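Here the structure is laid out as structure tokens; the discussion comes afterwards.
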Amino acid sequence: MFLSVFDIFKIGIGPSSSHTMGPMVAAARFLDMLRESPFHAHGLRASLHGSLAFTGVGHATDRATILGLAGFTPETYDAEAAEAALADIRRRGAIRLPDLGTLRFDPRRDLVFDYDNALPGHPNGMVLMATDAEGDVILREVFYSIGGGFVRTEAELAEAAAPAPGPAVPYPFATAAEALTMARRSGLSIARMKRANELTRMPAAELEAGLERIWSTMNACIERGLATDGVLPGGLGIRRRAHAIHQRLLAERGLNLTPPHTINDWMSVYAMAVNEENAAGGQVVTAPTNGAAGVVPAVIRYWLDHVPGAGADRIGDFLLTAAAIGGLIKTNASISGAECGCQAEVGSAAAMAAAGLAAVLGGTPEQVENAAEIALEHHLGMTCDPVKGLVQVPCIERNGLGAIKAVSAASLALRGTGEHFVPLDACIETMRQTGRDMSDKYKETSLGGLAVNVPNC
């Protein structure tokens, strides 16, 4: 299955790729289905199931679903227009669409949080319906938000094993072992093989422009987070910390009293800046998810700002390498916190970042694979237990520690030859099995862990 670098890295909005972006995308897709339907709709309904119900309010799933049904998409999201649309829908009890007319939709009645009936395909399930003038359902579709902003219908989920459409790629690796074998035979790096695969889908200029846009958006998110103070929305009263920490770090620069471990604070502050922006509903890049969006950009920024010899001309190689690892994890396990816990989100992000850093520091494909394995291995078993269902505690700090682990993993891998005991493929499979065995209380439902042991009001 071919996953593009732009499947792994998608520009969207916070606070969650699976709970905000995914439902918005699903709702927009449902409108397209309605446009192609022979039926004339008079109303809309939606029900949220599983994790989308349990943590939906904290993740703004209700807002995202309503806005998706109103024609908004993550790529073109306008915050001011969205607020106006929400107010109009709540006042009128209807959604007005230029090509579909006015459709009855009262969020208090027509958007249901169904806590009792999970859907079988994935923990993040939702049902969207269109009704006729009498209120009878004329079109119904089940959607699953499977992590990282990816959305599948019930039928698409059943066909997930089918090959992706499009031309054959020159390096069709589905496992890390296959990637290493192809790298040895071709003499190419993982980034160069990934680039060759991407070029079967798009011209080189389009690929380079897309990679540049991804990094530009990531870096702009860091800068906004570092510049912004205040309290995050949601009711926990969590203050943004990245701005104040960054100011203190700048003030300490050049002082002989600054201890060497302060470099960890730089890595953390870059990651926290991104995830504070995400928690506030700002524009972020899935990497591979919103909840883990800070790790990869933090490691890139650490490399650019603090590692001698770093250059922006290698950022593309970093992103392509990271995307290759993220694609392997998504294909063979999961990047969804609702499916496998936070090991699938921050753990995957740390593996991607470690691989990317090892690559731009001159690592061999074997060392790159080792870096990814070390980073993922030491996130195994990590639960997803956000307090009050918000992507704030422990998520924001967790991204900072994920970035630190990624850098440490890359450094350890580069100290070796690439030979190591646990293959990345075995670590990915272990993560999948661990997620399967993990209690649902610890998989983005906020029914266990910190979510029930920390006062949240």
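Gly56 is checked against (1) more than 18 Å from Glu444 (Cα to Cα); (2) modelled with pLDDT under 95; (3) in contact with a Phe, Trp or Tyr (Cβ under 7 Å, 6 or more places away or on another chain) and fails just one. What number does that condition carry?
If we test Gly56 against (1) more than 18 Å from Glu444 (Cα to Cα); (2) modelled with pLDDT under 95; (3) in contact with a Phe, Trp or Tyr (Cβ under 7 Å, 6 or more places away or on another chain), just (1) comes out false.
For Thr331, are the conditions met, namely being in contact (Cβ under 8 Å) with a residue 12 or more places away in the chain, over 21 Å from Ala358 (Cα atoms), surrounded by fewer than 24 Cβ atoms within 10 Å (Cβ to Cβ) and among the hydroxyl-bearing types (Ser, Thr, Tyr)?
Here the answer is yes, as Thr331 does meet what is asked.
Give the residue, chosen from Ile374, Ile428, Ile404, Ile396, that is within 25 Å of Pro233 (Cα to Cα) and in contact (Cβ under 8 Å) with a residue 24 or more places away in the chain.
Ile396
Given the condition touching a residue at least 60 places away in the same chain (Cβ under 8 Å), of a type outside the set (Gly, Ala, Ser) and part of a helix (DSSP H, G or I), answer yes or no: does some residue in the range 245-266 qualify?
Yes, the conditions are met somewhere in the range 245-266.
Please verify whether Gly281 is touching a Cys at 6+ places or on another chain (Cβ under 8 Å), part of a loop (DSSP other than H, G, I, E, B) and either closer than 24 Å to Ala64 by Cα or among the hydroxyl-bearing types (Ser, Thr, Tyr) (or both), treating the condition exactly as stated.
no
Among Met1, Met24, which is the only one that is within 16 Å of the chain's Cα centre (by Cα), among the aliphatic types (A, V, I, L, M) and either buried (at least 24 other Cβ atoms within 10 Å of the Cβ) or closer than 30 Å to Gly166 by Cα (or both)?
When all the criteria are applied, what remains is Met24.
Quick check on Thr289: is it touching a helix residue (DSSP H, G or I) at 6+ places or on another chain (Cβ under 7 Å), modelled with pLDDT under 95 and in a loop (DSSP other than H, G, I, E, B)?
No, not satisfied.
Can you tell me which residue is farthest from Thr286 (Cα to Cα) among those in the range 1-60 that are aliphatic (A, V, I, L, M) and in contact with an Asp or Glu (Cβ under 8 Å, 6 or more places away or on another chain)?
Here is the first cut: in the range 1-60, the ones aliphatic (A, V, I, L, M) are 1, 3, 5, 8, 11, 13, 21, 24-28, 31, 33-34, 41, 44, 46, 48, 52-53, 57, 60.
From what is left, the residues that are in contact with an Asp or Glu (Cβ under 8 Å, 6 or more places away or on another chain) are 5, 11, 33, 41, 44, 46, 48, 53.
Values: Val5: 11, Ile11: 7, Met33: 26, Ala41: 34, Leu44: 29, Ala46: 25, Leu48: 22, Ala53: 22 Å.
For the range 1-60, the residue satisfying everything is Ala41.
Residue-wise test of (1) of a type in the set (A, V, I, L, M); (2) in contact with a helix residue (DSSP H, G or I) (Cβ under 9 Å, 6 or more places away or on another chain); (3) surrounded by 20 or more Cβ atoms within 10 Å (Cβ to Cβ); (4) under 20 Å from Val307 (Cβ atoms).
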{"site": "Ile404", "(1), (2), (3), (4)": "yes, yes, yes, yes"}
{"site": "Leu424", "(1), (2), (3), (4)": "yes, yes, yes, no"}
{"site": "Met431", "(1), (2), (3), (4)": "yes, yes, yes, no"}
{"site": "Arg436", "(1), (2), (3), (4)": "no, yes, no, no"}
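Sort through Glu419, Glu429 and tell me the only one that's of a type in the set (Asp, Glu), part of a helix (DSSP H, G or I) and either at pLDDT below 95 or assigned by TED's automatic domain parsing to the domain that holds Pro297 (or both).
It is Glu429.
Every residue, every condition in (1) surrounded by 21 or more Cβ atoms within 10 Å (Cβ to Cβ); (2) closer than 30 Å to Met438 by Cβ; (3) touching a Phe, Trp or Tyr at 6+ places or on another chain (Cβ under 6 Å); (4) among the hydroxyl-bearing types (Ser, Thr, Tyr), yes or no:
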| residue | (1), (2), (3), (4) |
| --- | --- |
| Leu44 | yes, no, yes, no |
| Ser47 | no, yes, no, yes |
| Ala79 | no, no, no, no |
| Glu83 | no, no, no, no |
| Leu100 | no, no, no, no |
| Asp114 | no, yes, no, no |
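When both residues are 6+ apart or on different chains and their Cβ atoms are under 6 Å apart, which pairs have a first residue that lies in the range 65-82 and is in the same structural domain as Arg96 (by TED's automatic domain parsing), and a second that is basic (Lys, Arg)?
Note: no pairs meet the criteria.
The values are calculated or read from the model by the stated rules, or taken from the named source; none is laboratory data. Because the structure is predicted, anything quoted here is derived from the model rather than measured. Backbone-built Cβ (ideal geometry, glycine too); neighbour counts: all protein chains shown.
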